[in-house]
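The values are calculated or read from the model by the stated rules, or taken from the named source; none is laboratory data. Here the structure is a predicted model, which means the values were calculated and not measured. Here Cβ is always computed from backbone atoms with ideal geometry, including for glycine, and neighbour counts include all displayed protein chains.
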């Protein structure tokens, strides 16, 4: 429908002020107009109970047959799920209602009635995950999925608010890059005017450049990993927020990370309590997320795992020198009521750009922040190598194309300083904060190993 026709329809229904369901409490006792869709409809004798949604929430309408014209009553009675409507009614407080208010419906105009012979495919009954993912473009309309997406938006806003308020400047790195950031096996190649380029794994290398120009910067954008992983924690396309800080040490970075995460969780608890209730999230587990976070050296975390194995709490002993897998991260994080920081991993299992610990160069000055409740790593970061010679040596050791990294080496050639940064995957943060079993529900349209539709 055109904007012109939509305006005509609105005027034909009512001159009552337009409201959203989320803001309807400000109009208690008043007649308002809502633009939305029918979510569900119950009938009890001469009473109809339509539930409307408008993107901001849901509200139940009350329609006594004697209180409206026969045309309005029959129109509402004949509505089908997800029919789009413009509704007029008086707002009435009701403590029993989920949002605290109900709508005494006075009038309705149908924008589009979903045909009965081609009904909305996602009914209120249970559906399998494969079916729901095939219909993801429609599944997002359901209250639970809509609540998750609103929480996701709040997490993104909170992350940006925190960084903006703490002097970090948003700078945008490219999505197309000439070389790998972390490893060539997880790249998506693309043809770029006769040359091979790649979809970015991270904006980090580029914002190291802008950090040396602006001091404190961050990027926020899509990133891509071609890992052939089917776990509940992995997507091939996800969004990452990455702060980078000139002159910052690993200790500075860990302080930033715990304050950053705590601020995000606090804002979600404050601003999205209704959505957390909709998805039945146990918020007491989030209320404990406050600094300081516990900090463990890699060696201490390994000892924790092997002590647990000796006591029969976990099946496999941990082999020193390996990176932690999901079961390892789950056990470590289960020992704490808030995120735990594991730092100083063996340099051999970490990325080429990480600064060695000056006290023992076999360790890297890096940190992983593991979320509680088994959600694993939500932040990974490090102090970056600032020596030209060492960085060049590491690039060669990792058999990366030196020509593609000449610009990156320039950052160590001209005014190099110690600097640090981390990345937080938005989807893993959403999964943890929402308490979701699978990361595929954290983004409007998930891209996984076997899914690129819809």
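A compact table of results
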{"quantity": "Filter result for the condition that a residue is within 23 Å of residue 17 (Cβ to Cβ), out of contact with any helix residue (DSSP H, G or I) (no Cβ under 8 Å at 6 or more places or on another chain) and either in the same structural domain as residue 24 (by TED's automatic domain parsing) or part of a helix (DSSP H, G or I) (or both), over 92, 96", "calculated": "92"}
{"quantity": "Residue count for the range 301-347, restricted to those that are under 27 Å from residue 291 (Cβ atoms), in a helix (DSSP H, G or I) and touching a strand residue (DSSP E or B) at 6+ places or on another chain (Cβ under 8 Å)", "calculated": "7"}
{"quantity": "Top-ranked residue of the range 392-407 - restricted to ones that are under 21 Å from residue 348 (Cβ atoms) and in contact (Cβ under 8 Å) with a residue 40 or more places away in the chain, ranked as surrounded by the fewest Cβ atoms within 10 Å (Cβ to Cβ)", "calculated": "397"}
{"quantity": "From 275, 244, 315, 287, residue being at pLDDT below 95 and touching a helix residue (DSSP H, G or I) at 6+ places or on another chain (Cβ under 8 Å)", "calculated": "315"}
{"quantity": "Condition broken by residue 445, with the remaining ones in (1) under 26 Å from the mean Cα position of the chain (by Cα); (2) buried (at least 19 other Cβ atoms within 10 Å of the Cβ); (3) not in a strand (DSSP E or B) satisfied", "calculated": "(2)"}
{"quantity": "Single residue of the range 376-391 satisfying the filter (without any contact (Cβ under 8 Å) to a residue 60 or more places away in the chain and farther than 16 Å from residue 258 by Cβ) that is farthest from the chain's Cα centre (by Cα)", "calculated": "389"}
{"quantity": "Failed criterion for residue 161 (all others in (1) under 23 Å from residue 263 (Cα atoms); (2) without any contact (Cβ under 8 Å) to a residue 60 or more places away in the chain; (3) surrounded by fewer than 16 Cβ atoms within 10 Å (Cβ to Cβ) hold)", "calculated": "(2)"}
{"quantity": "Number of positions in the range 145-157 that are under 13 Å from residue 443 (Cα atoms) and exposed (fewer than 15 other Cβ atoms within 10 Å of the Cβ)", "calculated": "1"}
{"quantity": "Only one of 33, 69 that is at pLDDT 95 or above and surrounded by fewer than 13 Cβ atoms within 10 Å (Cβ to Cβ)", "calculated": "69"}
{"quantity": "Test: residue in the range 243-250 that is under 17 Å from the mean Cα position of the chain (by Cα) and either under 21 Å from residue 368 (Cβ atoms) or crowded, with 19+ Cβ neighbours inside 10 Å (or both)", "calculated": "yes"}
{"quantity": "Meets criteria (touching a residue at least 24 places away in the same chain (Cβ under 8 Å) and either within 20 Å of the chain's Cα centre (by Cα) or assigned to a helix (DSSP H, G or I) (or both)) for residue 270", "calculated": "no"}
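Residues checked against (1) within 28 Å of residue 273 (Cβ to Cβ); (2) without any contact (Cβ under 8 Å) to a residue 40 or more places away in the chain; (3) in a loop (DSSP other than H, G, I, E, B); (4) in contact with a strand residue (DSSP E or B) (Cβ under 7 Å, 6 or more places away or on another chain):
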| residue | (1), (2), (3), (4) |
| --- | --- |
| 147 | yes, no, no, no |
| 154 | yes, no, no, no |
| 190 | no, yes, no, yes |
| 212 | no, no, no, yes |
| 218 | yes, no, no, yes |
| 227 | no, no, yes, no |
| 231 | no, no, yes, no |
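Residue-wise test of (1) at pLDDT 95 or above; (2) in a helix (DSSP H, G or I); (3) assigned by TED's automatic domain parsing to the domain that holds residue 274.
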residue	(1), (2), (3)
73	yes, yes, no
104	yes, no, no
141	yes, no, yes
151	yes, yes, yes
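Matching residues to (1) assigned to a strand (DSSP E or B); (2) assigned by TED's automatic domain parsing to the domain that holds residue 276; (3) within 24 Å of residue 224 (Cβ to Cβ); (4) modelled with pLDDT of 95 or more:
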| site | (1), (2), (3), (4) |
| --- | --- |
| 382 | yes, yes, yes, yes |
| 389 | no, yes, no, yes |
| 393 | no, yes, no, yes |
| 399 | no, yes, yes, no |
| 409 | no, yes, no, yes |
| 416 | no, yes, no, yes |
| 437 | no, yes, yes, no |
